[in-house]
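Derivation of every value follows stated rules applied to the coordinates shown; laboratory data play no part. Here the structure is a predicted model, which means the values were calculated and not measured. FYI the Cβ positions are ideal-geometry reconstructions off the backbone, even for glycines, and counts take in every protein chain you see.
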Amino acid sequence: MATTQSPRTPTRPADLNAPFFDLREVAWLMKVSVDTVRREIAAGRLPCSQRMKGSKIRVSRADLDAYHEATRLVALPTQRNRRKQVRTAA
């Protein structure tokens with residue numbers, strides 16, 4: 001009896017250096033759900049390509065890297081640096 005995975009289950013890409021990934025592979029790379037990837041695409045924050053309506057959605061490695069850079073969080077200053085900033089501001 002073979003078991004099948006849900007289409008919403010993120011899967012590890014066979015080739016991590018591939019030029020394109022499907023939604024499940026993108027979800028695995030981003031460590032989010034497939035639904036989150038779909039929401040990011042629908043919001044226009046993650047570009048994708050599709051040959052025709054209803055076919056597989058693909059995301060390029062370059063677009064994934066650009067999305068990562070655009071949404072990267074900047075590290076907050078350490079507690080020691082915050083104290084110095086407060087003292088000089090006063």
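Counting Lys and Arg as +1 and Asp and Glu as -1, what is the net charge of the other residues whose Cβ lies under 14 Å from the Cβ of Ala66?
Net charge around Ala66: -1.
Please compute the net charge surrounding Val34, taking Lys and Arg as +1 and Asp and Glu as -1 over other residues with Cβ under 13 Å from its Cβ.
Neighbour charge sum, excluding Val34 itself: +2.
What is the spin-label model distance, in nm, from Arg72 to Thr11 if the labels are put 7 Å beyond Cα along the C-beta direction?
3.1 nm
Would you kindly compute the Cα radius of gyration of the range 13-80 and its largest Cα-Cα separation (Dmax), both in Å?
14.0, 55
If R0 is 30 Å, what FRET efficiency do you get for Arg45 and Thr4 from their C-beta distance, rounded to 0.05?
The computed FRET efficiency comes out at 0.45.
Step through the residues of the range 13-18 one at a time and calculate ³J(HN,Hα) from phi using the Karplus curve (6.51 cos²θ - 1.76 cosθ + 1.60, θ = phi - 60°), rounding each to whole Hz and writing x for Gly and Pro.
x, 5, 10, 5, 9, 5
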